[in-house]
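Worksheet: the structure to be examined is printed underneath.
Please treat every number below as a calculation from the coordinates, not as lab data. None of the values given here were measured: they were computed from a predicted structure. Heads up, the Cβs are rebuilt from the backbone with ideal geometry, glycines too, and the neighbour counts pull from every protein chain shown.
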Amino acid sequence: MPTLPYRRQNLEMSSSRPSLSPAIARGIRVLQLSQEIRAALQQRYANDPTKRTYIISTVESFGFRHNQIDTHTPEEHAAKGVVHQEETLALVHTMNELGYKSKPNTDSASVVFIHNAAFDMSKHLLGLHERKQRPKVWFFAYGPFHALEPRLWGVREIFKRGIESLSPRHPTEYMVGGILTFTASSLMEHAMKIPRLLRCIDESATWIAFVSPLVIGLLQAAVIDDPHNQG
C-alpha cells in the first residue's frame, strides 16, 4: 500500500530526532517563549552569527561566585557542581537550538537573561549599568518567583529601549523601567496609595514590583505589636 513507505519514513524521521529530557520538557512549558521573541532572536544577526551570544544570571550562578567572579558558562556550571532550575536548562537548550553561544557573565553579549528570582542579586552582574546603555543589548526576564504572578514567569523583554526594542513605541523614545521595591515603613505610611501604584505597575511593560519576604515579616511583626490590634 502506498501509505506504508510514508508511515515508515515519518517513523524514521521522528526516531532520529533527539528526545528532550523530562526536566527540559517541563522547563520549556514554564518559559512560554512567544513566537514573536523566538522569531526576533532567529532573525537577529542573521548575517553575522558570531554576534549571537547570551549570558544567563541566576541565583545558582550568583551563589557559585563565592565572592569571586563567575567565569563559567551555563554548560560548564554542571561540571562545577552547580545545579540550575529546569527553566534555565530549557533556556540554554533553546538558545543553542537558535544558534546562540553562551558566554560567562564577565563577557559582553548581545542578549542578557535574568531569572526573576535573581533580580535582587542583579547588582552583582558586572557592568549592568553599562550594558543597559547599549541599545543593541536585549534584556529578558524569565522563571518562576513567589512574588510574581505566574503569567510573568515566561520569557519577557525588560529594559526596553526605543527602536532596538522588540516592540518600540517610537524610534527616538527611551523607555524607562526597572524594579520597584518597598520598605516596611513605606507600605505602612502610604498604605492607601499602594493599590493604585500596583495597578500602574501591572499595566506597565517595563516595570515590575517586588516585596521581600523580610519586609512582609516586618509588617506582620508591626501589626502584632500595634496596641490598637491587641484586644
> Ranked highest first by the average count of other Cβ atoms within 10 Å around their residues, in what order do 98-106, 136-144, 111-119, 39-47 fall?
Replying inline: 111-119, 136-144, 98-106, 39-47
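Ratio to report: Rg/Rh of segment 179-231, with Cα atoms as the point set and Rh obtained by the Kirkwood method; give two decimals.
1.06
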> Which value in nm describes the separation of the simple spin-label points at D120 and D202, placed 7 Å from the Cα toward the beta carbon?
Replying inline: 2.3
> When ranked by the protection proxy of mean other Cβ atoms within 10 Å per residue, highest first, what sequence do the peptides 55-62, 218-225 form?
Replying inline: 55-62, 218-225
> Fewest first, what order do T181, T94, T50 take by the number of other Cβ atoms within 10 Å?
Replying inline: T50, T181, T94
> So, in nm, how far is label R29 from label M188 when the simple model puts each one 7 Å beyond its Cα toward the Cβ?
Replying inline: 4.3
>> Can you compute the modelled spin-label distance between Y45 and D107, with each label point 7 Å from Cα toward Cβ, in nm?
In response: 1.0
